[in-house]
Amino acid sequence: MFHRFANPTRFLRFAAVVQPWIAGLTVLLISAGLYFGLFDSPADYQQGATVRIMYVHVPSAWMALFCYTSLAIACGVALIWKHPLADLAAKATAPIGAGFTFLALVTGSLWGKPMWGAWWVWDARLTSMLVLLFLYLGYMALNNAFDDPARGAKSSSILALVGFVNVPIIKFSVNWWNTLHQPASVVKMGGPSIHASMLTPLLLMGVGFTTYYLWVMLIRIRYEVTNNKIRALQRRQAATGESQI
Amino acid sequence: MTRLSEFLDMGGYAHFIWPSYAVVAVVMLGLLIISQRELRTAQRDLDALDAPEEAQ
């Protein structure tokens, strides 16, 4: 049975080789981050032990924005250059980004209750992050809304690109508006203003979450490519079936 | 309080800190496992489509 792979086989070979290394790196980084974060770093003089929530809340929020930026870039490349892999990368990224946005909101709420006294406030930072979650969900829904995958990919890409304006709004919301949420302490002018004992676990978890994203994205891209092959084969078998009758 | 229960108590904030770590673990591990399972079933479906003659 001869079957032509319409997919970039070279990418699949690269993904299979790289994936175990990325997986190992992720486990290493996150274990180290958890160790330093939970066992080997001080409590905050004001917030006490709740500062430990920072080691999952902040990396999740960073990844929520990082994934959306990757999603928007992939959609741009797909729309402009019709690159088939870019569409798959975007489709693979969306659920991961949505997961991280959800985690940022939930861990933030769990931190806000003891420290602010409220599970949720309509604060500029929190509200724009909620909008980001809806953008992710909208992208995924629109992507699957059509029978023809190409139309789904095209319309959801446009939504993703339009929605990108929300990313700088989230980033600078704490500076533009008078927000209850604190301003940036790491990615800001003049460099991080956190003590090394807390910065170390934070960066370990940040990089660990990034390699986790690459790991799961590779798996999901391979899934999408395999799915395309199945669809192509089914179409060909249906076509040959009709011609034999 | 033993050292362990003192650690778990997290200065009285245990109800907020441990659920935060738990939800992160559930979502991240869940997404990883689901993605791997989806890939495996897709690969199996593809193999089945590829070699129906030998399979019968």
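Taking the numbered list (1) closer than 30 Å to B:Met10 by Cα; (2) away from chain B (no Cβ under 12 Å); (3) buried (at least 19 other Cβ atoms within 10 Å of the Cβ) in turn, A:Gly33 passes all entries but (2).
Conditions tested, residue by residue: (1) of a type in the set (A, V, I, L, M); (2) part of a helix (DSSP H, G or I); (3) closer than 27 Å to B:Tyr13 by Cα.
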site: A:Ala74; (1), (2), (3): yes, yes, no
site: A:Val77; (1), (2), (3): yes, yes, no
site: A:Leu88; (1), (2), (3): yes, yes, no
site: A:Lys91; (1), (2), (3): no, yes, no
site: A:Ala94; (1), (2), (3): yes, yes, no
site: A:Thr101; (1), (2), (3): no, yes, yes
site: A:Ser109; (1), (2), (3): no, yes, yes
site: A:Trp119; (1), (2), (3): no, no, yes
site: A:Ser155; (1), (2), (3): no, yes, no
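Note on segment A:211-242: residues that are surrounded by fewer than 19 Cβ atoms within 10 Å (Cβ to Cβ) and within 13 Å of A:Phe100 (Cα to Cα) amount to 0.
When the residues of segment B:25-52 are filtered to those that are among the small types (Gly, Ala, Ser) and closer than 30 Å to A:Leu233 by Cα, the one that is farthest from the other protein chains (Cβ to nearest Cβ) is B:Ala48. Do we find that A:Glu224 is more than 14 Å from chain B (Cβ to nearest Cβ), part of a helix (DSSP H, G or I) and among the acidic types (Asp, Glu) in this structure? No.
Listed conditions (1) within 26 Å of A:Leu79 (Cβ to Cβ); (2) more than 18 Å from the chain's Cα centre (by Cα); (3) loosely packed, with under 13 Cβ neighbours inside 10 Å; (4) of a type outside the set (Phe, Trp, Tyr) are all met by A:Val165, apart from (2). When residues in segment B:10-24 are screened for being facing another protein chain (nearest Cβ under 9 Å), on the phi < 0 side of the Ramachandran plot and either surrounded by 14 or more Cβ atoms within 10 Å (Cβ to Cβ) or in contact (Cβ under 8 Å) with a residue 12 or more places away in the chain (or both), 9 of them pass. Close Cβ contacts (under 6 Å, 6 or more residues apart or on different chains) running from residues in segment A:160-183 that are more than 26 Å from A:Lys113 (Cα to Cα) to residues that are among the aliphatic types (A, V, I, L, M) comprise A:Ala160/A:Leu71; A:Ala160/A:Ala72; A:Leu161/A:Ala72; A:Gly163/A:Leu135; A:Phe164/A:Ala72. So A:Leu28 ticks every box in (1) out of contact with any helix residue (DSSP H, G or I) (no Cβ under 6 Å at 6 or more places or on another chain); (2) within 14 Å of chain B (Cβ to nearest Cβ); (3) modelled with pLDDT of 95 or more but one. Which box is left unticked? Result: A:Leu28 fails condition (2) only.
For A:Val51, state whether it is touching a strand residue (DSSP E or B) at 6+ places or on another chain (Cβ under 6 Å) and over 27 Å from B:Leu39 (Cβ atoms). It is true that A:Val51 is touching a strand residue (DSSP E or B) at 6+ places or on another chain (Cβ under 6 Å) and over 27 Å from B:Leu39 (Cβ atoms). Scanning segment A:136-195 for residues that are farther than 20 Å from A:Leu103 by Cα, of a type in the set (Val, Ile, Thr) and modelled with pLDDT of 95 or more turns up A:Ile158, A:Val162, A:Val165. Looking across A:Thr211, A:Thr240, one residue alone is assigned to a helix (DSSP H, G or I) and over 23 Å from the mean Cα position of the chain (by Cα). It is A:Thr240.
Of all residue pairs spaced 6 or more apart or on separate chains, those with beta-carbon atoms under 8 Å, a first member in segment A:49-62 that is facing another protein chain (nearest Cβ under 7 Å) and a second member that is not in a helix (DSSP H, G or I) and not β-branched (Val, Ile, Thr) are A:Ala49/A:Ala43; A:Ala49/B:Tyr13; A:Thr50/A:Asp44; A:Thr50/B:Tyr13; A:Arg52/A:Ser41; A:Arg52/A:Ala43. A:Ala90 meets the stated requirement of being hydrophobic (A, V, I, L, M, F, W, C) and surrounded by 23 or more Cβ atoms within 10 Å (Cβ to Cβ).
The values are calculated or read from the model by the stated rules, or taken from the named source; none is laboratory data. Keep in mind the model is a prediction, meaning the values are calculated, not measured. Methodologically, a virtual Cβ is constructed for each residue, glycine included, from the backbone with ideal geometry; neighbour enumeration extends over all protein chains shown.
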